[in-house]
Amino acid sequence: MKGSRYKVDLHTHSIISQDGGITASQYEKVLQSGDLDCIAITDHNETSFARIMQKKLGNRIIIGEEITTTEGEIIGLYLSETIPGGISVEEAVASIKHQGGLVYIPHPFEIFRKGLRRNVAQRIISDSDIVEVFNGRGRFRGKPKLAEKFAAQNKLLQAASSDAHGAKGLGYTGCLLTDMPTQKTLKELLTKAILDKTYSPLYTFLYPAWNSIRNSVVLIGEN
């Protein structure tokens, strides 16, 4: 806890993501340290690891998923089931809402990281809940000003998240809330949030590439 506020990170990737690398013990350690109080595990097209970690650590873990749609990536928060990748944006949104989840738009307008283009984001605006206006890995390539303007114009809640793919990327970026979030309270808490817009160290930007290579080698070795 930072003072009287709880620091929450709504976008991270575990070892289950093909380019992720945060282990169960590392998630537990960062929560025990107080650097973060609540973390969403948002693996690519997968929720199994997040569900296991929530059973172990309770509401300090939010079950999420970064879904690869045909027009870019979108995150569902507070999910109960995995949503398959390769579907349309509208199908992903409908699946998130069907589970009672929240629609979170990560790194919008970033083409390199498969962010939604403006016209795509605009199509789902009525069903969107949160826009990531600051991404901890967005140094030099993020679109924070455009994201902030888009969120403000469309009256969407704003968040800052790490998008960490390795443990050393955790704890820098996040949302400082007045209480621990739940599925029912997160949106209200974000209306009064303080966003910690701190980039993670430059070397942590290499995690996705390194993890992809390492994970591929592990898979080859298992075959």
**Report entry** Some residue of the range 20-34 being surrounded by 18 or more Cβ atoms within 10 Å (Cβ to Cβ) and at pLDDT below 95
**Finding:** yes
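Yes/no matrix, rows are residues, columns are (1) of a type in the set (V, I, T); (2) out of contact with any helix residue (DSSP H, G or I) (no Cβ under 8 Å at 6 or more places or on another chain); (3) on the phi > 0 side of the Ramachandran plot:
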{"site": "L36", "(1), (2), (3)": "no, no, no"}
{"site": "T42", "(1), (2), (3)": "yes, no, no"}
{"site": "I52", "(1), (2), (3)": "yes, no, no"}
{"site": "I63", "(1), (2), (3)": "yes, no, no"}
{"site": "I75", "(1), (2), (3)": "yes, yes, no"}
**Report entry** Pair list, Cβ < 7 Å and 6+ apart or interchain, from the range 146-175 residues that are β-branched (V, I, T) to residues that are part of a strand (DSSP E or B)
**Finding:** T173/D9; T173/F134; T173/A160; T173/S161; T173/D196
**Report entry** Search result, residues across the range 1-19 that are at pLDDT below 95 and of a type in the set (G, A, S)
**Finding:** G3, S4, S17
Query - Subset of the range 152-167 [surrounded by fewer than 16 Cβ atoms within 10 Å (Cβ to Cβ) and either farther than 15 Å from V131 by Cβ or aliphatic (A, V, I, L, M) (or both)] - result: A152
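Filter the range 129-139 for residues that are in a loop (DSSP other than H, G, I, E, B) and within 27 Å of K155 (Cβ to Cβ); which is modelled with the highest pLDDT? Don't jump to the end; show me each part of the working.
At the first step, the residues of the range 129-139 found to be in a loop (DSSP other than H, G, I, E, B) are 129, 136-139.
Remaining after also requiring within 27 Å of K155 (Cβ to Cβ): 129, 136-138.
Values: D129: 98, G136: 95, R137: 92, G138: 89.
My answer is D129.
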Report task. Select from the range 175-192 the residues that are in a loop (DSSP other than H, G, I, E, B) and under 23 Å from H13 (Cα atoms) and list them in ascending order. Result -> M180, P181, T182, Q183
Requested in this report: From the list L186, L177, pick out the single residue that is in contact with a helix residue (DSSP H, G or I) (Cβ under 7 Å, 6 or more places away or on another chain) and crowded, with 20+ Cβ neighbours inside 10 Å.
Outcome: L177
Query raised in the report: What about R118, is it among the basic types (K, R) and more than 17 Å from the chain's Cα centre (by Cα)?
Result: yes
Query raised in the report: Can you name the number of the only condition in (1) under 24 Å from L177 (Cα atoms); (2) outside any strand (DSSP E or B); (3) at pLDDT 95 or above that G142 fails?
Result: (3)
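Among the residues of the range 69-99, which ones are among the polar types (S, T, N, Q) and closer than 16 Å to A121 by Cβ? I'd like the intermediate steps shown before the answer.
Step one: list which residues in the range 69-99 are among the polar types (S, T, N, Q), which gives 69-70, 80, 82, 88, 95, 99.
Correct list: T69, T70, S88.
The values are calculated or read from the model by the stated rules, or taken from the named source; none is laboratory data. Note that the structure is predicted; figures quoted are calculated from it, not measured. Neighbour counts are summed over all protein chains in view; Cβ atoms, including those assigned to glycine, are modelled from backbone coordinates with ideal geometry.
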